[in-house]
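Engineer: Just passing along the structure, written as structure tokens.
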Amino acid sequence: MGFLHEGHQSLIRKAATDNDRVVVSIFVNPTQFAAGEDLTTYPRDLAQDQFKCLEAGADLIFAPSVSEMYPSGFNTYVTTFGISELLEGKSRPTHFRGVTTVVTKLFNLVQPNKAYFGQKDAQQVAVLQQMVRDLNQNIDLVVCPIIRETDGLAKSSRNTYLSTEARQQAVVLSQALALAETLISNGELKTSNIITALKTHIQTQSLTKIDYIKIVDPATLQDINIITTDILLLLAVYVDQTRLIDNTLIHLEA
């Protein structure tokens, strides 16, 4: 959605390494925002984005207008079920319908062989994988690692909303992920105990408000009670007024 940072550039660089031509779509998609969310204030800087795309190796930027993507009379949507109704889907029930609709349109317009997405939006990746599989879309989805600041905060365009104090407190998300990894490596396999420990740690910061902490199966996103195999840990936390998400895949050692 633009306002590109090093995380986006890492996707472009990977795509440029793997392919002859790279197209970057830049579009703040209104259908994935609910009423009261930050559509009008979402950061935008196309000139900066153009520079960062060229720097990372993109060949073309596709930056359509809202009227081009959603012309008068538009009334067709792509909807996934099940996996899209969990986690982010509970907090933002129309969000993934907007994502799957716009991504399908972008795939149809650009017709790429591969599409590159970041692990930071782990549920989005799982939803798009289901969509591509279910609709027989002839495209390979490539998932790339989360890019972080030096203190561990996951790169996000919404980080620009954070005040100095909120930015300092936001590092608690990545600290919580690290705490979970430590607990699991030390033998704690009951997810309720891990989640309680993470809540306690996050709530040490005065500006935080937890939306959810979930430990789930990486493929189905269904809750897990006892860890017996690899898991996906997801966080959604408000830091002051800014809602941040983060996640990590944790591999259970044999």
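Engineer: Six or more apart or on different chains, Cβ atoms under 8 Å: show the pairs whose first residue is in region 33-55 and touching a residue at least 60 places away in the same chain (Cβ under 8 Å) and over 21 Å from PHE96 (Cβ atoms) and whose second is among the β-branched types (Val, Ile, Thr) and in a helix (DSSP H, G or I).
Structural biologist: So the pair list comes out as PRO43/THR160.
Engineer: Another one. In region 174-192, is there at least one residue being without any contact (Cβ under 8 Å) to a residue 60 or more places away in the chain, more than 22 Å from GLN119 (Cβ to Cβ) and assigned to a helix (DSSP H, G or I)?
Structural biologist: yes
Engineer: Turning to a different aspect of this structure: Which residue pairs have Cβ atoms under 6 Å apart, sit 6 or more places apart or on different chains, and have a first residue in region 64-82 that is at negative phi and a second that is β-branched (Val, Ile, Thr)?
Structural biologist: Hits for this filter: TYR77/THR101; VAL78/THR100; VAL78/THR101; VAL78/THR104; THR80/THR100; THR80/VAL127.
Engineer: Moving on to the next point. Name the single residue that is nearest to the chain's Cα centre (by Cα) among those in region 134-166 being more than 21 Å from GLY2 (Cβ to Cβ) and outside any loop (DSSP other than H, G, I, E, B).
Structural biologist: Restricting to residues being more than 21 Å from GLY2 (Cβ to Cβ) and outside any loop (DSSP other than H, G, I, E, B), the top hit is ASP140.
Engineer: Which of the residues belonging to region 88-142 are under 19 Å from ASP246 (Cα atoms), among the hydroxyl-bearing types (Ser, Thr, Tyr) and in contact with a helix residue (DSSP H, G or I) (Cβ under 6 Å, 6 or more places away or on another chain)?
Structural biologist: Once the filter is applied, which keeps residues that are under 19 Å from ASP246 (Cα atoms), among the hydroxyl-bearing types (Ser, Thr, Tyr) and in contact with a helix residue (DSSP H, G or I) (Cβ under 6 Å, 6 or more places away or on another chain), region 88-142 yields only TYR116.
Engineer: Collect the residues in region 205-254 that are closer than 16 Å to LEU162 by Cβ, part of a loop (DSSP other than H, G, I, E, B) and small (Gly, Ala, Ser), keeping them in residue-number order.
Structural biologist: Result: SER206, single match.
Throughout, read-outs are computed from the coordinates displayed, never taken from laboratory work. A quick note: this is a predicted structure, and the numbers were derived from the prediction, not measured. Virtual Cβ from ideal backbone geometry, glycine too; neighbours counted across all protein chains shown.
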